[in-house]
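Written out below as structure tokens is the structure these notes cover.
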Amino acid sequence: MSVLRLAIQSPLRRLFDYLPPRAMSEDDVAALQPGQRLSVPFGPRRVTAYLVAVCEHSELPLSALKHAYAVLDESSLVPATLLRLCDWAARYYHHPPGDVYSAAFARPLRAGKAHKEAGAAGWRLTTQGMGLPPGALARSPRQAQALALLQASSVVSVEKFKQDGVGPAILRQLAKKQLAQPCILAQPPITVISHPGLSLNPEQAETLRALQQAQEGFSCHLLEGVTGSGKTEVYLQLIADCLDHNRQALVLIPEIGLTPQTLQRFSQRFDAGIVVLHSGLGEAERYRAWEAARTGSAHIVIGTRSAVFTPLRNPGLIIVDEEHDSSYKQQDGFRYSARDVAVKRGQLEGCQVLLGSATPSLESLHNVAAGRYQLHRLRQRAGTGALPTIKAIDIRRQELRAGLSGEVLTAVEEKLQAGQQVLLFLNRRGYAPTMQCHDCGWTAQCNACDARFTVHRHPARLRCHHCGAATDVPRQCPQCHGSSLITAGLGTEQTEDFLRQRFQHWPVFRVDSDSMQARHAMRDLVSLINEGKPAILLGTQMLTKGHHFPAVSLVAVVDADALLFSADFRGEERMAQLLTQVAGRAGRAEFPGEVLLQTHYPDHPAVQAMLNVDYSDQARNMLTHRQDSGMPPAGQLVILRTDCSDATWGADFLQSVRSEALPTLPAGAQLVGPLPSPMQRRAGMYRWQLILLARDRKTAQQAAGTLVSRAEAAPARRGLKWSIDVDPQDLY
Ligand code: ADP
Ligand code: ZN
Ligand code: ZN
């Protein structure tokens, strides 16, 4: 008797054995393919399972196994390489395999819905219908008309019937007589046309040539090109080549906000099937895109993080744009890095992978140094733009208005008068980060987190940016009942209010996650900005990532100090990346760009580095430091975290995991902790962490496996949750 080994979405890090559905013959069982979905009983529920393998034996007695209810797909909907990728990811990230496999399937399929081919609904004749002599249904003219239409062409869309006045009732009557049946119309194949690209400058041409030479089989490349150096143009021309070979291109981008812009550039260049995949889409839209990628009718698939698991019929190229961006790492649940998964996928699919960035991650630079990735560099801006000049503004003892110095305000005014746009970067949303009592010193704190409430004005609320809690703004101090409540610090709303008053003749566009909540808000705003009329753009990181705003000639970093003192080992890297990216928004077209950094610490090494050293040299210095300290990418990090409403249970749990794991820990691995997380209480939960630092990937994998099995074996206390994070982004 064969046993089906299945992946099922559950918190358990293992596969599950089932017997085939009762009615199924041994031959049919033998013909099953990995990836086919089944419905199975799982506890009291009926759930979707993914076939991983058909086996001869089970570790459990056969009598203990349940039968699956049914096989849901006639054949596997996803290619075998993608299943192998899921298998790898489940092992590498020590994540429950069912959760990982489900990432390869569109949501309705995870829920067990029948697979529907994409395409228009239509009708065709049955064999019986085909044999009918013309004029057979003369007594019912409507049906005769439908029949004539069907006999004239083999399939007819519902749409066409509707145009000719044939409604669904008539068609149902034909179906009842077994003369016609519904079907899905195959989509006509699109002839791909690539419109000619720009003529490349020598650096771009050399890069493209090198990439084209390596287009067969797996290879991984890092394109390190300063902001505006024409990386996207290189992507487009490489994709044209990929499409010429009848293969698909997968393009990952970090932010939903970038999709309209990316889509526009791609659809201007290519007449081809282009789909986008991101969480902002409706379910039906997303399903269609997934299906188009799977069947190959989409030639180019553009998507955010989770799109790395999209099935592709014939992939030829995977591009990860802005590869350094931390949003490629999922921070909860299945904590994978889409960049790293993309590289693994290229390896399994045997196709080229291209990582691009103006500010590559130290991980990728490390891989270049180790000879794993090939490096290509674009050192100059393409086209007309020159790299911006950067200047620090010492704001010590200066009068600031809504955080802005006189020098910045003058510069803003000049640019607006000259018909250009300015971009002010302030990485804090809300009106002010603190509400305080001037009489007694009370501050408004979130009840559930070790954090202060942020004051919002539009609408007026106190909001916690960590757990989402919100409350009314108090009129008097809850501690001394005084009425001298004041705000301290600065957020985008406050600066926006000021700018609107000060620059009444020009529009102020605020871009942060509060102002951009509506579905198409970002798309609409980007096209408004790109009309190029003078305007002030004020925003958080959301505004700075990868956007190409040709009319921006001045970028001001309102609070550079906020970036200077990070406790995280990646703090310096992040700051350099962020500032370089922000600065890179200036002067991308005909107007020369200027960048002003407001700081109280003009002599701080990180500020000096921004002014005098380019990112590329800075990054290589930082890499040397990481090598000395053994931190990633030189060493490997894994964190075991706990979350519990009790203040100390997490520490007890991690302590016991630690002492159980220590005797079997491989050489070259060390444990630090348990330590409280930097923000220890969040959303009412106390958080602890046990940090594993290993000298290489293999050691880290082995040690992480030990930690996970000890954690699984440790006595569970009610309400304590733990999770493992391989290659964490942050130490919290
Ligand atoms: P990146 O992706 O590196 O930030 P982009 O591809 O957005 O850079 O290019 C920046 C600008 O330079 C765009 O307006 C683009 O049209 C232009 N550009 C790129 N390559 C060339 C080229 N070879 N000749 C002229 N203009 C170019
Ligand atoms: Zn008070
Ligand atoms: Zn909170």
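The values are calculated or read from the model by the stated rules, or taken from the named source; none is laboratory data. Everything quoted here is computed from the prediction, not taken from an experiment. Every residue, glycine among them, receives a Cβ derived from its backbone with ideal geometry; neighbour counts consider all protein chains shown. Heads up: the accessible areas ignore ligands, DNA and RNA and are worked out on the full protein's heavy atoms, side chains in. Shrake-Rupley method; radii C 1.70, N 1.55, O 1.52, S 1.80 Å.
Values for this structure:
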item	result
Unique match (being over 14 Å from His376 (Cα atoms), aliphatic (A, V, I, L, M) and either within 16 Å of ligand 3 (Cβ to nearest atom) or open to solvent by less than 40 Å² (accessible area, probe 1.4 Å) (or both)) among Leu211, Leu277, Leu263, Leu223	Leu277
Selected residue (only one of Glu407, Glu349, Glu399, Glu414 is at negative phi, open to solvent by less than 60 Å² (accessible area, probe 1.4 Å) and either of a type in the set (D, E, K, R) or within 16 Å of ligand 3 (Cβ to nearest atom) (or both))	Glu349
Residue in the stretch 203-223 that is touching a Pro at 6+ places or on another chain (Cβ under 8 Å) and either more than 16 Å from ligand 2 (Cβ to nearest atom) or modelled with pLDDT of 90 or more (or both) present	yes
Identity of the residue in the stretch 417-439, of a type in the set (A, V, I, L, M) and in contact with a helix residue (DSSP H, G or I) (Cβ under 8 Å, 6 or more places away or on another chain), that ends up surrounded by the fewest Cβ atoms within 10 Å (Cβ to Cβ)	Ala432
Residues of the stretch 66-90 satisfying the condition of being aliphatic (A, V, I, L, M) and open to solvent by less than 30 Å² (accessible area, probe 1.4 Å)	Ala68, Leu77, Val78, Leu82, Leu83, Leu85, Ala89, Ala90
The listed residue being within 16 Å of ligand 2 (Cβ to nearest atom), of a type outside the set (Gly, Ala, Ser) and crowded, with 20+ Cβ neighbours inside 10 Å, out of Leu462, Leu538	Leu462
The stretch 478-496 residues that are away from ligand 2 (no atom under 16 Å from the Cβ) and open to solvent by 30 Å² or more (accessible area, probe 1.4 Å), paired with ones that are part of a helix (DSSP H, G or I) and at pLDDT 95 or above (beta carbon under 9 Å, 6 or more apart)	none
Enumeration of residues in the stretch 628-650 that are open to solvent by less than 20 Å² (accessible area, probe 1.4 Å) and either more than 14 Å from Asp696 (Cα to Cα) or in contact with a Gly (Cβ under 7 Å, 6 or more places away or on another chain) (or both)	Ile639, Leu640, Thr642, Cys644, Gly650
Any hit, the stretch 217-225, residues being out of contact with any Leu (no Cβ under 9 Å at 6 or more places or on another chain) and not in a strand (DSSP E or B)	yes
Number of the condition not met by Arg658 [criteria: (1) assigned to a loop (DSSP other than H, G, I, E, B); (2) within 19 Å of Leu720 (Cβ to Cβ)]	(1)
Residue ID - nearest to Ser364 (Cα to Cα), chosen from residues in the stretch 608-619 that are modelled with pLDDT of 90 or more and touching a helix residue (DSSP H, G or I) at 6+ places or on another chain (Cβ under 7 Å)	Ala619
Residue in the stretch 699-707 that is of a type in the set (S, T, N, Q), over 30 Å from the mean Cα position of the chain (by Cα) and open to solvent by 40 Å² or more (accessible area, probe 1.4 Å) present	no
Where a residue in the stretch 199-212 is over 19 Å from Leu355 (Cα atoms) and its partner, wherever it lies, is open to solvent by less than 40 Å² (accessible area, probe 1.4 Å) and in a loop (DSSP other than H, G, I, E, B), with Cβ under 6 Å and at least six apart	Asn201/Ala382
Check on Pro182, of a type outside the set (Val, Ile, Thr), more than 25 Å from Phe266 (Cβ to Cβ) and under 42 Å from the mean Cα position of the chain (by Cα)	yes
Residue within the stretch 42-53 that is touching a Gly at 6+ places or on another chain (Cβ under 9 Å), more than 23 Å from Leu85 (Cβ to Cβ) and at pLDDT 90 or above present	yes
Ala49 vs. criteria of a type outside the set (Phe, Trp, Tyr), without any contact (Cβ under 8 Å) to a residue 60 or more places away in the chain and surrounded by 15 or more Cβ atoms within 10 Å (Cβ to Cβ)	yes
Residue tally, condition among the β-branched types (Val, Ile, Thr) and under 12 Å from Thr304 (Cβ atoms), over the stretch 314-335	1
Test: residue in the stretch 174-193 that is in contact with a strand residue (DSSP E or B) (Cβ under 6 Å, 6 or more places away or on another chain), hydrophobic (A, V, I, L, M, F, W, C), crowded, with 17+ Cβ neighbours inside 10 Å and not in a strand (DSSP E or B)	yes
Exclusive hit being among the hydrophobic types (A, V, I, L, M, F, W, C) and either at pLDDT below 95 or within 19 Å of His115 (Cβ to Cβ) (or both), set Leu77, Leu85	Leu77
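Residue by residue, here is whether (1) within 16 Å of ligand 3 (Cβ to nearest atom); (2) free of Cβ contacts under 8 Å to residues at least 40 places away in the same chain; (3) in contact with a Gly (Cβ under 7 Å, 6 or more places away or on another chain) holds:
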site: Gln436; (1), (2), (3): no, no, no
site: Asp439; (1), (2), (3): no, no, yes
site: Gln445; (1), (2), (3): yes, yes, no
site: Cys449; (1), (2), (3): yes, no, no
site: Cys464; (1), (2), (3): yes, yes, no
site: Gln504; (1), (2), (3): no, yes, no
